[in-house]
Amino acid sequence: GVTRLLLTRIPFFKEIIVSSFACESCSWSNTEIQSAGRIQEQGVRYTLAVTSRQDMNREVVKTDCATARIPELDFEIPAFTQKGVLTTIEGIIDRAVAGLEQDQPIRRATDEEVANKIDEFIGKLKQLKEVRSSFTFIVDDPSGNSFVENPRAPQKDDALVVTHYRRSPQQAAMLGLEGEELEEKPADSAEDLRNEVLQFNTNCPECNAPANTNMKLVQIPHFKEVIIMATNCDSCGHRTNEVKSGGAIEPQGTRITLRITDPSDMTRDILKSETCSVEIPELEFELGMGALGGKFTTLEGLLKDIRELVERNPFTLGDSSAPSKTEKLREFVGKLQEIIEGKTEAHFIMDDPAGNSYLQNVYAPEEDPELKVERYERSFEQNEDLGLNDMKTEGYESEGASAR
């Protein structure tokens, strides 16, 4: 016979190799799939609530190391008992029924009681195909290369829950990865945190639909660690990102002054913490602490965010605005655009009492002639805003005990 191989890509998944064999003499045919990629960093578990006949037609990639389960029947197809297959949920049930029926004639001759119980179980499996009542279909693959189709992709499927998990040492050994796992164990947990993107569930700030927030610890050269958080909503397409300081509040505040003289200054990296205020003296403009939140972007990106903040305000440039105000703000936006395009020189000042903001020095580690960084002692009011006046980190244990 002839074996045919096809390298194909499953949308919203990955590349696989489909192999097909057909024999013209006896008409026997067989299809298998193999992953065309490497074993993934994490295992994956798909949990689908099957409620209709349409769900039975969902495509499934089940590798040979994956386990398929239907908890309602206490039914399980263990790993490495079947070859990898590209099929549907109905196809997996049909394949299980065919496997159980294969040895039934021999069982009836040797142990009729067991054969009757298997016949009864086969009947239950066939009833599942009619979907008279809902059931749960689970595919658990430690290699991370199995897949259950989401017909609504790229939107979220409420009936399908996808869980990624770290492999246990036993699962790694089953996949032949015990050597790699042993090497990973001595690694520092803090180092793992730097290299890993953490994900947690949240709600979209625009449409309140369930969404995921990704969080990553990043080391900024010549500065410190920060935490970058990004939220993407599949329902309305809203995207937002925010930066939190990964370190403590500095002993002194920081005032950074940059003289913008060249369009290349727009590409400088900026970390603006949520406690930082921004000032552009030439435009008589000041952005207060807390506005725009924490951001890790470029100077151009921050100036564009400031422009959008002004343009989006309905009381300044909308129908509710006064003509005199509108003219002034249009003039301001025009001057700001000239600074962004590099047509006008200006000073850009960042004042952060917490000392957690940063503006890239393109000459680092040498001094930048256009960049001035000043350290200063915080005032009582600034410490009050940061909550430092009433914060006590030493000796509070003894005070608490005496109060009791």
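The values are calculated or read from the model by the stated rules, or taken from the named source; none is laboratory data. Remember, it's a predicted structure, so these values are computed and weren't measured experimentally. Ideal geometry is used to build each Cβ from the backbone, glycine not excepted, and the neighbour counts take in all protein chains shown. Side chains are part of the model used for accessible areas, which takes the heavy atoms of the whole protein and leaves out ligands, DNA and RNA. Shrake-Rupley method; radii C 1.70, N 1.55, O 1.52, S 1.80 Å.
Observations on the model:
- Between residue 224 and residue 168, residue separation times 0.36 nm minus the direct Cα-Cα distance comes to 16.8 nm.
- Filtered chymotrypsin sites (Phe, Trp or Tyr not before Pro), region 1-86: DSSP coil and at most 11 other beta carbons within 10 Å: 12, 28, 80
- Per residue solvent-accessible surface (Å²) - the chain, probe of 1.4 Å: 60 Å²
- The distance between label points at residue 121 and residue 362 comes to 7.1 nm (points 7 Å beyond Cα on the Cα→Cβ vector).
- Highest-first arrangement of 273-285, 256-268, 365-377, where packing means the average Cβ count within 10 Å: 273-285, 256-268, 365-377
- Candidate aspartates and glutamates - alpha carbon under 18 Å from residue 392, same-chain residues fewer than 8 apart omitted: 250, 381, 384
- Carbon plus sulfur fraction of accessible area for region 1-144, probe 1.4 Å, in percent: 48 percent
- Mean ellipticity per residue at 222 nm, deg cm²/dmol - from DSSP H runs of n ≥ 4 across the chain, formula -39500 (n - 2.57): -8000 deg cm²/dmol
- C-alpha center-to-center spacing [region 235-298, region 203-217] in angstrom: 22 Å
- Residues of region 129-150 with an amide N closer than 17 Å to a point placed 7 Å from the Cα of residue 201 along the Cα-to-Cβ direction: none.
- The angle between the Cα long axis of helix 323-340 and the longest principal axis of the Cα atoms of the chain comes to about 70 degrees, rounded to the nearest 10.
- Portion, in percent, of the accessible area of region 253-386 that falls on carbon or sulfur, probe 1.4 Å: 47 percent
- Computing FRET efficiency as 1/(1 + (r/R0)^6) for residue 17 and residue 216, where r is the C-beta to C-beta distance and R0 is 45 Å, gives about 0.85.
- Between the beta carbons of residue 307 and residue 132, assuming R0 = 45 Å, the FRET efficiency works out to 0.15 to the nearest 0.05.
- Measuring with a 1.4 angstrom probe and ignoring ligands and nucleic acids, residue 53 comes out at about 110 Å² accessible.
- Neighbours of residue 295, meaning other residues whose beta-carbon lies under 13 angstrom from its beta-carbon, give a summed charge of -4 when Lys and Arg score +1 and Asp and Glu score -1.
- As a length-normalised measure over Cα pairs under 8 Å and 6 or more apart, the relative contact order of region 191-245 settles at 28 percent.
- Legend note: in the chain, cysteines whose Cβ sits 4.7 Å or more from every other cysteine Cβ are 23, 26, 65, 276.
- Among the listed pairs 216/244; 224/295; 244/272; 216/295; 62/156, those beyond 18 Å (Cα-Cα): 62/156
- For region 102-173, GluC sites (Glu not before Pro) meeting the loop criterion (DSSP other than H, G, I, E, B) and having at most 10 other Cβ atoms within 10 Å: 130.
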